[in-house]
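Worksheet: the structure to be examined is printed underneath.
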Amino acid sequence: MKIAILPGDGIGTEIVEQAVRVLGVLDLRLETETALVGGAAYEAHGHPLPDSTLKLAKAADAILFGAVGDWKYDKLERALRPEQAILGLRKHLGLFANFRPALCYEQLTHASSLKPELVAGLDILIIRELTGDIYFGQPRGRRTAVDGHFPGAEEAFDTMRYSRPEIERIAHVAFQAARKRSKKVTSVDKANVLETFQFWKDVVTEVHAQYPDVELEHMYVDNAAMQLVRAPKKFDVVVTGNMFGDILSDEAAMLTGSIGMLPSASLDKAGKGLYEPSHGSAPDIAGKGVANPLATILSAAMMLRFSLNRPAAADRIEHAVKAVLAAGLRTPDIWSEGTTKVGTREMGDAVVAAVAGKTIATKTKS
Ligand code: NAD
């Protein structure tokens, strides 16, 4: 089994290093190869997704990705910005289904911005369509307006679009995932205003006819954003488009305590995937050794389960993460009074020790 390791920029390198160490103690005979991506690849090769990196990603059985981006690249033309690497990988590899589980660990109910009783036991799965919608629709650009409120003024525009097969395949993914959980899907749209999302709603409803055992509800995105902070446990599987999913999954991240806890998987139709934390490269804390590596470590666990068919190894990692949290270790983003503050490397050390079945050392409390 070959894994492409793409650490990327900012905290990407720090957190991926810890996930690779955790994979290393599992005795799985994994072959890994590392390549540059994002700003780091732009600096070295003049492009955020060089051909050599794309080739490696295509040849691998799975990809473990850190994060890309830095404010210093904001002035580059769009095609050369680091974030284009992740969009390019999704597009070239056909990674259309993004799984973002939002799970609130028992020990972290107090780290959430919501009241503990609202998030205790939270376990929802956001499924975001990843290759369509306004992020990829053409045409897009800047021009001089010929109509609208200000004819003759400079304007910018994007195109929101979804085809029937794109909606059908993500709807099937959501209903099938729901069958393995509580058999309930909430499809989030903006059908009251957008043609694209009236179509989305119609097609999801049609696909639902093939899954009579699964309950389907439709919800407008503004209401979904509100319900996620009002009564998040009412959701089970949430399926939505690319842009709404981008926003709602970050909102869901905060329910769990920190975006540093949230793994994700982006899968193609054959189950090959790219695994990455849900957060970005966090330039504000990069290089300080304080980033939470758990989202990346948990992404590696998802990789073992979804693409490499090693569920027992995935369980070992997930149990190790729980053990480390139970031992009171916390990176600053999830720290609270009475727990032990640790850095990225120490958190990695603790998970490595727990996976190896060793007692977790806790240091001085701070
Ligand atoms: P971000 O997710 O990088 O950071 C948001 C906030 O969360 C920051 O305060 C950061 O310090 C904190 N944070 C994120 N991950 C953390 C972790 N593991 N541990 C502790 N704290 C963590 O989002 P942003 O600041 O909006 O974007 C920064 C850069 O990342 C931008 O260039 C953006 O385009 C890029 N980005 C990349 C991806 C990706 O690679 N898939 C996703 C989102 C954003």
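Quick check: from the Cα gyration tensor, does region 1-158 come out rounded (a/c under 1.5), prolate or oblate? Before the final figure, lay out the partial values.
Details: a/c = 2.15, a/b = 1.28, b/c = 1.69.
It is oblate, given that a/c is not under 1.5 and a/b is not larger than b/c.
Neighbouring Cβ atoms within 10 Å as the yardstick, rank 68, 173 fewest first.
Numbers: 68 30, 173 20.
By the 10 Å Cβ count, ascending: 173, 68.
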Check your understanding: How high is the relative contact order of region 175-216, given as a whole-number percent (alpha carbon pairs under 8 Å, six or more residues apart)?
Key -> 46
Review point. Between residue 145 and residue 45, what length in nm is gained on full extension when 0.36 nm per residue of separation is reduced by their alpha carbon distance?
Key: 32.2 nm
Check your understanding: Shape call for region 140-294 from the C-alpha gyration tensor, a ≥ b ≥ c root eigenvalues: rounded (a/c under 1.5), prolate (a/b greater than b/c) or oblate?
Key -> oblate
Check your understanding: Nearest 0.05, what FRET efficiency do residue 76 and residue 34 give at R0 = 22 Å with Cβ-Cβ as r?
Key -> 0.40
Review point. Which order do peptides 258-268, 105-115, 152-162 fall in by mean Cβ count within 10 Å, highest first?
Key: 258-268, 105-115, 152-162
Review point. For region 82-229, what is the largest minus smallest coordinate of the Cα atoms on each principal axis, given in angstrom and ordered from greatest to least?
Key: 56, 39, 33
Study note, to complete from the structure: Restricted to region 100-263, the DSSP antiparallel beta bridge percent, nearest 5, is 40
Practice item. Kindly work out what percent of the DSSP beta bridges joining two residues of the chain are antiparallel, to the nearest 5. Key: 40
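Determine, for 335, 71, the number of other Cβ atoms within 10 Å of each Cβ, and report the residues in order from fewest to most.
On the way: 335 18, 71 10.
Going from least to most buried by this count: 71, 335.
For the chain, what does -39500 (n - 2.57) per DSSP helix run (n ≥ 4), summed and divided by total residues, give at 222 nm, in deg cm²/dmol to the nearest 500? Each step should come with its number before you reach the end.
Numbers: 12 runs with 139 residues, N = 366.
Here the helix-only value at 222 nm equals -11500 deg cm²/dmol.
Which value, in debye to the nearest 20, gives the size of the charge dipole of region 100-263 about its Cα centre, when Lys and Arg are +1 and Asp and Glu are -1 at the Cβ? It would help to have the intermediate numbers written out before the result.
On the way: 19 positive and 23 negative charges, 76 e Å.
I would put it at about 360 debye.
Relative contact order of the chain, please, whole-number percent, based on alpha carbon pairs below 8 angstrom and at least 6 residues apart. Spell out each step's value before the answer.
Values: 791 pairs, mean separation 76.6, N = 366.
It comes to 21 percent, rounded to a whole number.
Based on alpha-carbon positions alone, could you give the equivalent ellipsoid semi-axes of the chain from the gyration tensor, as √(5λ), descending, whole Å? List each step's numbers first, then the result.
Numbers: eigenvalues 211, 131, 86 Å².
For the chain, the semi-axes come out at 32, 26, 21 Å.
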Study note, to complete from the structure: Once phi for every residue in region 145-158 is put through the Karplus expression 6.51 cos²θ - 1.76 cosθ + 1.60 (θ = phi - 60°), the whole-Hz ³J(HN,Hα) values, with Gly and Pro written as x, are 5, 9, 9, x, 6, 10, x, x, 7, 5, 9, 10, 8, 10
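Rule-based calculations on the coordinates, nothing more; no lab input. Note that the coordinates shown come from a computational prediction; the quantities given were computed from them, not determined experimentally. Cβ coordinates were reconstructed from backbone atoms using ideal geometry, including for glycine residues, and neighbour counts include every protein chain displayed.
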